[in-house]
Amino acid sequence: MTMDTEANTTPISVQQRLGAIAQFVIVSLLFGIAYTQDPIYYSSENQNTKYLQGLANADYGFLADDWTANTIDPLPVFTALVQWTYQFIHPEYGFYLFYFLIFGAYVYSLIAIVSEVFPIRPYQTRVLLYFALLLLFHTLDVEIFDFELDEHLHYGVAEQFILGPVFQPCNFGIFLLISIYVFLKDRSYWAVACLAIAGSIHPAYFPSVAALTLSYMGILALQERHWLKSMLVGIVSGILIFPVFAYMYFTFQDTTPELTQQAASIIVNQRIPHHSIPALWLEDGQAYVQTLLVAIALYCVRQTRLFYILIGPFLAAVLLTLVQVVINNDFLAFIAPWRISVFLVPVATSIILAHLVITVSSRYPKWSRRYSSLISRISLVVILSLVIVGGIGQFQKFQKADGTFGMMDYVRETKQAGDTYLLPPGVKELRKFRLYTGAPIVINRKTHPYKDVEVIEWNQRVEIGEEYYRKRGVRQCGMLRNELKEYNITHVVIPTDAIDKRCPRLVERYRDEHYSVFSTEQF
């Protein structure tokens, strides 16, 4: 298991190509099963936001009638991918397949990057040990003083990441890693093409694209004295990212400066403060440890080209974070330039692990050679153990574990065109209602639009929805007749332990111990 992806000067046979493909598939499956994925239609993760418009476009259920699904799309490329996957590949399994491919590309990219600095790949024992360590520190559920090894060693700061619970746009940050490796192999134009893929699928990667492009340009101009090539690389990068940048710029232009400021404040301070406000994500200390890890990794590669690739993005992330702490600007907070850390942290972890493997092997060469077979066997045992544990965890994730499913099964079976459901907007376990049932809802707190006037409308809907569930009896009836009338609500979902507070004119259609469904047909 050499995982060697470097170009070979001799012709590659069909058998070798098939072997390489088989190896990639095996690595993808091993890492993917150990890491696990949340079910697309069962869990309350980000797919409930990121897939909504794509599934609506694919005519899944009646989601095309959902208000949020008809807001301006901030992720047009990913939305198209979701739509085409649902229609032409498989409505569910296609998404899991994509994520397995990303898992494989992730592992290969990290090993390829560190192998440009450390002699990992020529030795099978080192590769097995390194892969086992990489897998261990991506899946080991151990917490040390609030620092979770299985997350914070490969997540970025502010709860942002490339790999996460589900297949989603941020996973395409894998192309940032591929870009770094490609640039290390002196393929500058392919490197910025990879950056463009990441930024086009997930525009939140614009700061990462800019930081890495500038690093590449600086290396070409200052280190290698290729001034013209440096300029051309920057121009090509700009041209490739321009279509999505132009879409975002012209589609989400300010309605008025005041409305835009109001909308930005809503998103930054109410919807995603855990991503956007440094004072919040710095207070638990995890970000400081992650920053230290990156600094240590930079020291480990200080005399290599990889150092110069990473130092620019690292300084940009740190300095812009400090600027935000000082000026507290909602626009900068919304852009979240510290998202650059999503590729810095996993690369840093990979560098440190590689440095440890090589240091031990180099200092104790006789010991390493004598026990290489034992090290390989132990590494395989660790890998297989993590895969088995992950497989069990994966099975458990696909079980319908919370109290929403009885109610949602009823809605999925009885929904009709024109239905609109009112749900408690802030209940996490109900985030999956749209994707599981295919039924439109008034709003939830998780899934927000990005156009300023739509953000304000979304916030108003959330506030009205939450106010409704705070009311009792006839006051709820009054809201259904007045403030909520324009939303054409046909059904109301109420926690069963709160049905004694409901509007008496609602007609009960379903009840279990967790949730009840009522019709508004008497209004």
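Residues in the chain average 46 Å² of solvent-accessible surface per residue, probe 1.4 Å, ligands and nucleic acids excluded.
Per-residue Karplus couplings for region 252-257, computed as 6.51 cos²θ - 1.76 cosθ + 1.60 with θ equal to phi - 60°, are listed in order as 10, 5, 4, 6, 9, x Hz, Gly and Pro entered as x. The dipole here belongs to region 1-135: it is taken about the Cα centre, uses +1 on the Cβ of Lys and Arg and -1 on the Cβ of Asp and Glu, and is about 600 debye.
Loop-located trypsin sites (Lys or Arg not before Pro) in region 211-289 (DSSP state not H, G, I, E or B) with no more than 15 neighbouring Cβ atoms inside 10 Å: 225. Can you give me the Cα centroid spacing of region 124-162 and region 478-509 in angstrom? After rounding, the separation between the Cα centres reads 46 Å. In terms of the mean number of neighbouring beta-carbon atoms within 10 Å, the peptides 273-281, 19-27 order highest first as 273-281, 19-27.
Bridging of residue 185 to lysines at a Cα separation below 22 Å is possible for 229, once same-chain residues fewer than 8 apart are set aside.
Output the antiparallel fraction of DSSP beta bridges having both residues in the chain, as a percent to the nearest 5. Taking every DSSP beta bridge with both residues in the chain, the antiparallel ones total about 80 percent.
Quote the Stokes-Einstein diffusion coefficient, in whole µm² s⁻¹, for region 1-157, based on the Kirkwood radius over alpha carbon pairs, a temperature of 20 °C and a viscosity of 1.002 mPa s. Using the Kirkwood radius from Cα pairs, D works out to 117 µm²/s. Shown here is the pair-distance distribution of region 54-123: with all Cα-Cα distances grouped in 5 Å bins from zero up to the longest one, the shares run 3, 15, 17, 15, 12, 9, 8, 8, 6, 4, 2, 0 percent.
Across region 377-454, Cα-Cα pairs farther apart than 20 Å form 53% of the total. Excluding the site residues themselves, the longest part of the chain lacking any GluC sites (Glu not before Pro) in a DSSP loop with at most 15 other Cβ atoms within 10 Å is 284-482. Diffusion coefficient (Stokes-Einstein, Kirkwood radius over C-alpha pairs, 4 °C, 1.567 mPa s) for region 214-346: 76 µm²/s, rounded to a whole number.
The spacing between region 107-121 and region 441-464, judged by their C-alpha centroids, is 45 Å.
In the chain, Cα pairs under 8 Å separated by at least six residues give a relative contact order of 20 percent. Of 17, 434, 481, the residue with the largest accessible area leads and the full order is 17, 481, 434 (1.4 Å probe).
Here the dipole of the chain is about 1360 debye; that uses its Cα centre as origin and unit charges on the Cβ of Lys and Arg (positive) and Asp and Glu (negative).
The Cβ shell under 13 Å around residue 183 holds other residues with a net charge of +1, Lys and Arg each +1, Asp and Glu each -1. Over the C-alpha trace of region 279-354, radius of gyration and Dmax come out as 13.0, 39 angstrom. Just to check, using Stokes-Einstein with a Kirkwood Rh over alpha carbon pairs, what's the diffusion coefficient of the chain at 4 °C and 1.567 mPa s in µm²/s? Value of D from the Cα-based Kirkwood radius: 52 µm²/s. At an R0 of 56 angstrom, the distance between the Cβ atoms of residue 466 and residue 373 translates into a FRET efficiency of 0.35.
For region 1-141, carbon and sulfur atoms together expose 61% of the accessible surface, with a 1.4 angstrom probe and every protein chain in place. Helical runs assigned H by DSSP (4 residues or longer) give the chain a calculated mean residue ellipticity at 222 nm of -18500 deg cm²/dmol, each run adding -39500 (n - 2.57) before division by the residue total.
First measure r as the distance between the Cβ atoms of residue 311 and residue 362, then evaluate 1/(1 + (r/R0)^6) with R0 = 30 Å and state the FRET efficiency to the nearest 0.05. The formula returns an efficiency of 0.75 here. Past the 20 Å Cα-Cα mark, which pairs from 50/446; 50/432; 400/432; 415/471; 50/415; 397/428? The answer is 415/471; 50/415. The base-10 log of I(q)/I(0) for region 328-370, evaluated at q = 0.18, 0.22 Å⁻¹, reads -0.64, -0.75 [Debye formula, identical scatterers on Cα atoms, solvent excluded].
Whole Å is fine, so just give me how far the alpha carbon centre of region 176-225 lies from that of region 265-301. Comparing the Cα centres of region 176-225 and region 265-301, I get a distance of 23 Å.
The length gained on full extension between residue 409 and residue 474, counted as 0.36 nm times the residue separation minus their Cα-Cα distance, comes to 20.5 nm.
The values are calculated or read from the model by the stated rules, or taken from the named source; none is laboratory data. No experiment lies behind these values; they were computed from the predicted model shown. As a convention, Cβ positions derive from the backbone with ideal geometry for all residues, glycine included, and neighbour counts pool all protein chains shown. Each accessible area value is taken on the protein alone, full model and side chains, heavy atoms only, with ligands, DNA and RNA left out. Shrake-Rupley method; radii C 1.70, N 1.55, O 1.52, S 1.80 Å.
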